[in-house]
Every structure is written in structure tokens, then in C-alpha cells.
Amino acid sequence: MNAQQKDTVNVLAHGTEPNGGAPTLGKDDILSIQLIAFNEIFEVAFFTDLLFNVTNNVQGFEIADPTERNKVINALVAIQAQEELHADNANAILSANNVAPIQACKYQFPTTDLMHALALASTFTDVVLGTLQDVQFHLATNGAAGVVPIIGSVIGQEGEQNGFFRNYNDQIPSAKPFLTRSTREFAFSALNQNFVVPGSCPNSNTIDLPVFQTLNLVTPGPIQPINQQLTFSVHADKPTQPSGTALVFINGQNTPIVTTVVNPQNNNGEVTFEGNFPYVANVMDGLTIAVLVNSTDNLNSAEDVAKVTIAGPALIEVN
Ligand SMILES: *[C@@H]1O[C@H](CO)[C@@H](O)[C@H](O)[C@H]1NC(C)=O
Ligand SMILES: *[C@@H]1O[C@H](CO)[C@@H](O)[C@H](O)[C@H]1NC(C)=O
């Protein structure tokens, strides 16, 4: 963005990037900013495409009521511009720290109508809201307190967006009292597994985070607010199940729920299995992150879970 482009985006975004000068960060927090850039650039692509679809009345994205249509377009114009500033700011921090800015990949979006597109936006925003908690955790652990408020301002901002996405789809704006924790590893994996065209990223290999194997949620949505066995599938690279394999659910700020892999069936390298989703005892509304782990020792936090994850995250939404 040149200065003139930025002036235009600032107006559309209803504000500017922080103007206090970029922080100097250590390696671990640089990794967080690289991930934020990677995610925000994806979000810019998604909302640019969505705004195009709504503005041009693409089939599935038409809004009949002119007042409602204006409201949605106004919101999407602001969100698209705000995401551009989030992405630009993250890359500016990388540049100021002599780290190569993250470049855009090619993306594929699975949605072909407005309702599903906003539901998807709500899900990936839930992952971001959880992941920025992780970014704050790392900043605080590394003694980089100065950046914590800026990340906090973005968490609130993305939460406001999510209230709009949820409200449009007739859900209550705020999903639950304490939003679901995620980690940098889960966010990077989810973005790569769900949206990135494989091999299309110029420099995402500079982001030192794993991309886990994909864990598919086979049970069709919407997932009901009841105790139930959910069905998952995963590609198996070994003929037998590795010992210690378990399914873990992360919801809210509660300690991870560890459960057994039930009835695994291997069909030509694709393993289907079930897992007990204990909705009632934990009131698991909003996002639940499900992953397969290879060890269940001392899984007290999302960080602990990420260290032993072999596949995931499957993203489960109960609304
Ligand atoms: C925009 O519409 C096209 C055509 O239906 C679709 O393929 C694409 O996924 C849509 N974009 C979003 C963000 O939903
Ligand atoms: C378990 O998974 C972690 C993370 O993928 C990996 O580093 C570790 O080597 C695995 N351990 C075993 C025993 O397979």
C-alpha cells in the first residue's frame, strides 16, 4: 500500500493503524506476527471476494431488501478495509524487525451463498479469537507486554465482527461467556488445510509452525446441543493405530477433554472412528476444537495438547 492507498483504506476502515512505531520483538513473538499476517492476508482475500459477490448480486449472495443489503455492504466494506490494515500492520512489524513480510497465497473458498459464507467467517473468526489469546500468552511469557494491548484491541474488533456474522444468521451475538482457546499451531493448520491452494504460498515456509494431518468431522452439521457420538475420519499412514492415540476436545477456557477413539475402521488408509462429545456436562456451545493426540499425559492446556497433536483441528460449532 502506498501512502495515498492507505489514506483511502483508513477512511473505509474508520481508523488508522497504531502510529506509535513498531515494537522490536524476539524470535517467538515474530513467529506470532508472521502467523497473524498469514491469517489476515487470507481474511482480506475472503472478505474482498465476499464483498464482490454481494455487491454484484452473484447468485446465492443477492439480498432482496435494499435497506438490509446496504447494511450488509456497509459492514463488509469496513471489515474488508479493517482486515487490510491488520495485515499491513503485521507485515510492517515484520519489516521493522528485518523479517520478510508474508506474501499472499492462492485460496479456495467452499461457500456459494451468503448465509454459509458468514457462518464460515464466524468459524474462522472463532479460531482467530482463540489464537490471539495464544499470541498474548506468548507475548506475556516473553516479556513483551507492550504489544499485549494492541492484540487485545484486535480481539475485541474481531469479536464485534463475529457478533454481526452470528446476528445475520439468527444466532445470539455472543456465543459463550469465555471464548474457546486455540493455539498458533491449530490456526496455521486450519488455514492451510481448509483454504490455501496447496503449493501456492510464496513464503509461508518461513513460518515455523506445523501443518497437522487433516481430521475430518464426518457427522453433518448443524451439530445439536446434546451428548452424542460424533464421527471423524483421518488418513492413516500406518496400518495400526499408534499407541496412546486419543481424541481431545477444547471448548471455552476449560481444561481439555480427553476421550477415547471408539470403533476405528480402516478402509484403504482412511480411518473412520467415533468420539463421545460430552455436550451437557460442559455446555459446549460455540467453537470446539477437536484433535487427535498421541499421548494423554498431563494435557492441562491447549498448549499441552498442541505439543502432542497428530491430526486436526476439526472445528465443531454448536449454536
Ligand atoms: C463468491 O461466489 C463464488 C461463486 O459462487 C464462490 O465460488 C465463492 O466461494 C464466493 N465467495 C465467498 C467468500 O463465499
Ligand atoms: C507425537 O506427536 C508429536 C507431535 O506431532 C511428535 O513430535 C512426537 O514425536 C510423537 N510421539 C510419538 C511417540 O509418536
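Scanning segment 297-306 for residues that are farther than 14 Å from GLN213 by Cα and not in a loop (DSSP other than H, G, I, E, B) gives ALA302, GLU303, ASP304, VAL305. When THR180 is tested against (1) part of a helix (DSSP H, G or I); (2) within 30 Å of LEU247 (Cβ to Cβ); (3) in contact with a helix residue (DSSP H, G or I) (Cβ under 8 Å, 6 or more places away or on another chain); (4) open to solvent by less than 20 Å² (accessible area, probe 1.4 Å), only condition (1) is not met. ASN266 meets all of the listed conditions (1) under 24 Å from the mean Cα position of the chain (by Cα); (2) outside any loop (DSSP other than H, G, I, E, B) but one, namely (1). Listed conditions (1) under 21 Å from the mean Cα position of the chain (by Cα); (2) at negative phi; (3) within 16 Å of ligand 2 (Cβ to nearest atom) are all met by VAL261, apart from (1). Tallying residues that are of a type in the set (A, V, I, L, M, F, W, C) and exposed (fewer than 15 other Cβ atoms within 10 Å of the Cβ) within segment 197-220 yields 2.
Name the one entry in ASN227, ASN162, ASN251, ASN194 that is more than 16 Å from ligand 2 (Cβ to nearest atom), within 15 Å of the chain's Cα centre (by Cα) and open to solvent by 40 Å² or more (accessible area, probe 1.4 Å).
Numbers: ASN227 fails: within 15 Å of the chain's Cα centre (by Cα); ASN162 fails: open to solvent by 40 Å² or more (accessible area, probe 1.4 Å); ASN251 fails: open to solvent by 40 Å² or more (accessible area, probe 1.4 Å).
Being more than 16 Å from ligand 2 (Cβ to nearest atom), within 15 Å of the chain's Cα centre (by Cα) and open to solvent by 40 Å² or more (accessible area, probe 1.4 Å) holds for just one of ASN227, ASN162, ASN251, ASN194, which is ASN194.
Going by the conditions given, is SER182 closer than 16 Å to ILE316 by Cβ and under 15 Å from the mean Cα position of the chain (by Cα)? Full working, then the answer.
Values: closer than 16 Å to ILE316 by Cβ: yes; under 15 Å from the mean Cα position of the chain (by Cα): yes.
Answer is yes for this residue.
Here the condition is being free of Cβ contacts under 8 Å to residues at least 12 places away in the same chain and under 24 Å from GLU43 (Cα atoms); of GLY221, GLY199, it holds for GLY199 alone.
This table checks each residue for (1) surrounded by fewer than 17 Cβ atoms within 10 Å (Cβ to Cβ); (2) within 16 Å of ligand 1 (Cβ to nearest atom); (3) closer than 24 Å to ALA236 by Cα.
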| residue | (1), (2), (3) |
| --- | --- |
| ALA281 | yes, no, no |
| ILE289 | no, no, yes |
| LEU292 | no, no, yes |
| ASN298 | yes, no, no |
| ASP304 | no, no, yes |
| ILE310 | no, no, yes |
| PRO313 | no, no, yes |
| ASN319 | no, no, no |
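The values are calculated or read from the model by the stated rules, or taken from the named source; none is laboratory data. Worth saying up front: this structure is predicted, and the values here are computed from it rather than measured. Cβ: placed from backbone, ideal geometry, glycine included. Neighbour counts: every protein chain shown. Surface accessibility is based on the protein's heavy atoms, side chains included, excluding ligands, DNA and RNA. Shrake-Rupley method; radii C 1.70, N 1.55, O 1.52, S 1.80 Å.
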